[in-house]
Structure formats: structure tokens, C-alpha cells
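See below for the structure under consideration.
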Amino acid sequence: MVFSSVLFLFYFLPLVLIIYFISPNRYRNFILFVSSLFFYGWGETRYIWLMLFSTVLDYICGMKIHIYKLQNNKSKAKLWLLTSVFINLGLLSFFKYADFIILNLNTLLDSSIPILNLPLPIGISFYTFQTMSYSIDIYRGEAEVQEDIISFGSYVTLFPQLIAGPIVRYQTIAEELKERTITTEKFTYGITRFIIGLGKKVLIANNVGLIWEGISKIEIDTLSVASAWIGIIAYAFQIYFDFSAYSDMAIGLGKVFGFNFLENFNYPYMSTSITEFWRRWHISLGTWFKEYVYIPLGGNKKGQGKQLRNIIIVWLLTGIWHGASWNFVIWGLFFGVILILEKTFLLRILEKLPAGFNRIYTIVLVLLSWAIFAQNNINDGLSYIRAMFDFGNVIINDTTIYTLYTNIFLLSIAAIGASDFPKMLWQKYNSKFKGIWIIENIYIVIILLLTTAYLVDQSYNPFLYLRF
């Protein structure tokens, strides 16, 4: 089940909200836990046991770590921490990377080990990182142990952010699991934020996705240079509006149920460097790797050599986290190398250049990275990049002109929506016009009506990050 579906919008969510709000506070975590299991089990029945196992495992590990820390027995507390980390990473590696490892071993050793063909459990990359962070934070003393397994289970399985994040650290919502206040203002904001996210997903992401889908099916040898650029720009808009929309919807639903999730995107395509881009894109993932990998490795405290090593390790893992394919590994290392260059000297040069030039520099590098990311293997990614710069080939053809002519308005809307211009405009005039709330409500209703119409009639409704 996904947020952008008639089933979720008009059946599941209204029913859960009714049951949730008519129930006493002491039952609300249980309602969230059960409804989240139903939400997950609707599309992933065979692997619901895996998420329940992770829940029980990290609940027990957290309790044991807490008990042994109280007894000042650091060795046993660390043993239970390592148990949590190794089992969680073991499960993630088995289900996500087993076939990738087998295929590479077969190639390297000229063997014929049969692949397992395991379907990837939905959301495993997200909830595995969440449950691990709980055990680590208990060990560090940065979070209090959760003694109620239902409350802990509702944290792990919380359906608003279960399948696509943002990755929520336990300490962020620990107090809200005990007691949360739901005001009219918070509820209204949550619904508004959810509908805006829904509009971004259905009206923009899905439609620019059709542009990319059409261009990606064209044979590389017959693809014009301009078409290659239009295609990857469309993909850049699709993945941004697709993923940021789900974050918007998750944050909005969190507000509706009384939780405050941290922001996950901050207009990343407005960045003037790759360093800034990764402070604005998928913020929760970047924060997780910083807190649980980069800093424990020493961060920037042990000399520049080790700092650069740590950056490469983090970005190698970031690439691997996204998928079991060499193109994701190369994608991660691509950003790691650029970040090292910026860290050592490039940022000092960029600071002296106009912001417009820096934005072009950033966007071009990001588009090159998406060309690698969007493909099934590294060879296809490199072939696509060559097509983008093969100026000895056809620069523009009839297909290019038709694609641009029929989609220029959509691409323009996407470009404006990916910038902070609408936000700045709203902030400028919001306080000047007393009746602007009426316009806002009309705008939200129109988005809801349009998205509903699209969902009823639309068969193309992918979610890119579902495969991660």
C-alpha cells in the first residue's frame, strides 16, 4: 500500500484516523502498531515476520544494554549492542545483497552458485537503520530505554514513514511516544502538508517520470544530445518530487498523529556546491551516516588523511545502501571524490565565483550522477553520459522537438517547484493580505481534487525509492 493510492486515501487512512481519535490516549500506540502492521502486510505479507523479528530483537537488546549499563558492566552491554548491529546488518545484507555477492563470486571464480532470487523486503533499509540507531543510542546514553514493547513496536513500524523515511532516530520522538498533544493547528498543518506532498507526487513526479520513461526506452545510438539532457533532467525532477513528496506526506501524517519528524529535503537543486547539496538532500540519511559512521571513525579530528578516508568509507556505504549493483557503488564513490576535492581546495575556489556559476556546476554534476543512478548497470550509465556529450551525433531531432514542445510547461512548473521561489513569494505576501488563508484553502482543495482525478484514471504511479 502506498500513500498515493485510492485505497490509502479513502479507506485505510480515514478508518485509522477515526479509530485513533475516538480511542483513549493509552491505546493510541497500540492502534498505530496494529494499523502499521496491516499497512505493511497489505503489500508485504511474507516479510512482516522480518520486521517483527527486528522489533523484538532490538527491544530485547535495548533492555539488556540498559540493564548492564546500570550494573556498570560495559563488556556485556557492548556484547548486546554488537548483537543488535550484526544481526540487523546480517539480515539487511542477506536480503538485499546476497544475489549481488553470488553473481560477483560466480564471475570472479568462474563458479555456478545458484542465485536466491529473494524479493527485497519493502522499507528494510529504512527500518533497519532506525532499529539499530535505538540500540546504539541506548548504549551511548543518548536515549532512554523503552520498556513498553508496543510503544517500541509503534516506533519501528510507524506507517507514515515506514517504507520511505525519513529515517527517524528514536530519541527524536521518544517523548512523543509517551505523550503527545494534537492541536487543531498541528492537525491542519499536517493535512495541508500531506496534500501538498500528494500533489507533488501525483501531478509532477508521475508526469515528468513519463518523459524519462519514454526517453530511456530510445536506443542510445539514436538518442540526440538534447533528448539525453531532457531525459536526465526529467529524471532529476522525478526522483526529487517523488522522494521529497513522500517525505512531505510522512511529515504531514506525523503531525496529524502528534509526532514531529525532522525535515528531509531543503531545496537541494538550489545548492551552490555538492557539499551543500548533501546537506539539503535526504537529510536524515546523511545525518545517520554522520552520527553512526563518520564521527565514530574519527570524523575530522584525526588529521586530514583520515578525514578523507572517512569520507570515502561513508560514501561507499551510502552507495551500497541504495542498492546491490556496481552503478550504486560508483555513484557513491563519485560523490565521495567530489566532496574530497571540495573539502581540500575546490570550495575555496567556488566561494570566489558567482552563485549562478556554482549552481550550474552543482546541477551538472548531480545530473551526471543521476545518469549513473537511474540505470541498471554501470555500462548503461556510462553510455548514457556519453550520449549527453556526443556532439558528433545529432544534437536535436524531431523527437526532441516534440518532447520539448509537449512538456515545456510541465518542466517549467517542475523547475519553479524545485526552487525556493514559491516559498519566498508566499512568505513575502502571507502577512500582507488578511484573506490569503482563503486562497490557501482553495489551492489545497484544488490539489486534492486534481490528484484524486489522476489517481482514479492513472495507471502510471511508480515510487522510485520503494526499491531501496
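The values are calculated or read from the model by the stated rules, or taken from the named source; none is laboratory data. Remember, predicted model here, so these are calculated numbers, not experimental data. FYI the Cβ positions are ideal-geometry reconstructions off the backbone, even for glycines, and counts take in every protein chain you see.
Of note:
- Test: PHE94 is over 21 Å from THR45 (Cβ atoms), outside any loop (DSSP other than H, G, I, E, B) and modelled with pLDDT of 90 or more: no
- Residue in region 165-176 that is on the phi < 0 side of the Ramachandran plot, buried (at least 21 other Cβ atoms within 10 Å of the Cβ) and outside the structural domain of THR131 (by TED's automatic domain parsing) present: no
- Test: residue in region 232-244 that is in contact (Cβ under 8 Å) with a residue 60 or more places away in the chain and not in a helix (DSSP H, G or I): no
- Residue satisfying all of: in region 129-149; of a type in the set (D, E, K, R) and in contact (Cβ under 8 Å) with a residue 24 or more places away in the chain; surrounded by the most Cβ atoms within 10 Å (Cβ to Cβ) among these: ASP137
- Only one entry in THR83, THR45, THR55 is of a type in the set (Val, Ile, Thr), touching a helix residue (DSSP H, G or I) at 6+ places or on another chain (Cβ under 9 Å), in the same structural domain as ILE149 (by TED's automatic domain parsing) and closer than 30 Å to LEU7 by Cα, namely THR55.
- Among the residues making up region 362-406, those that are of a type in the set (Ser, Thr, Tyr) and in contact (Cβ under 8 Å) with a residue 12 or more places away in the chain are THR362, SER369, SER383, TYR384, THR399, THR400, THR403.
- Selection count, region 134-166, where residues are modelled with pLDDT under 90 and β-branched (Val, Ile, Thr): 1
- Odd one out for LEU120, checked against (1) part of a loop (DSSP other than H, G, I, E, B); (2) surrounded by fewer than 16 Cβ atoms within 10 Å (Cβ to Cβ); (3) hydrophobic (A, V, I, L, M, F, W, C): (2)
- Filter result for SER111 (in the same structural domain as PHE12 (by TED's automatic domain parsing) and part of a helix (DSSP H, G or I)): no
- Evaluation of ARG46 against (1) more than 21 Å from ILE149 (Cα to Cα); (2) out of contact with any Pro (no Cβ under 9 Å at 6 or more places or on another chain) (one fails), failing number: (2)
- Members of region 1-36 that are in contact with an Asp or Glu (Cβ under 9 Å, 6 or more places away or on another chain) and exposed (fewer than 13 other Cβ atoms within 10 Å of the Cβ): ASN25
- Among the candidates ALA245, ALA234, residue that is surrounded by 22 or more Cβ atoms within 10 Å (Cβ to Cβ), under 13 Å from the mean Cα position of the chain (by Cα) and aliphatic (A, V, I, L, M): ALA245
- Single residue of PHE39, PHE126, PHE100, PHE86 found to be closer than 29 Å to PRO160 by Cα, surrounded by fewer than 19 Cβ atoms within 10 Å (Cβ to Cβ) and aromatic (Phe, Trp, Tyr): PHE86
- GLU276 being out of contact with any Lys or Arg (no Cβ under 7 Å at 6 or more places or on another chain) and modelled with pLDDT under 95: no
- Residues of region 338-385 classified as surrounded by fewer than 18 Cβ atoms within 10 Å (Cβ to Cβ), modelled with pLDDT of 95 or more, more than 17 Å from MET270 (Cβ to Cβ) and within 22 Å of the chain's Cα centre (by Cα), total: 0
- All positions within region 48-63 that are surrounded by 20 or more Cβ atoms within 10 Å (Cβ to Cβ) and either more than 27 Å from PHE95 (Cα to Cα) or aliphatic (A, V, I, L, M) (or both): MET51
- In region 268-295, residue nearest to THR183 (Cα to Cα) [restricted to those that are in a loop (DSSP other than H, G, I, E, B) and within 14 Å of the chain's Cα centre (by Cα)]: HIS282
- The set of residues from region 298-313 being in a helix (DSSP H, G or I) and either touching a residue at least 60 places away in the same chain (Cβ under 8 Å) or surrounded by fewer than 20 Cβ atoms within 10 Å (Cβ to Cβ) (or both) comprises GLN304, GLY305, LYS306, GLN307, LEU308, ARG309, ILE312, ILE313.
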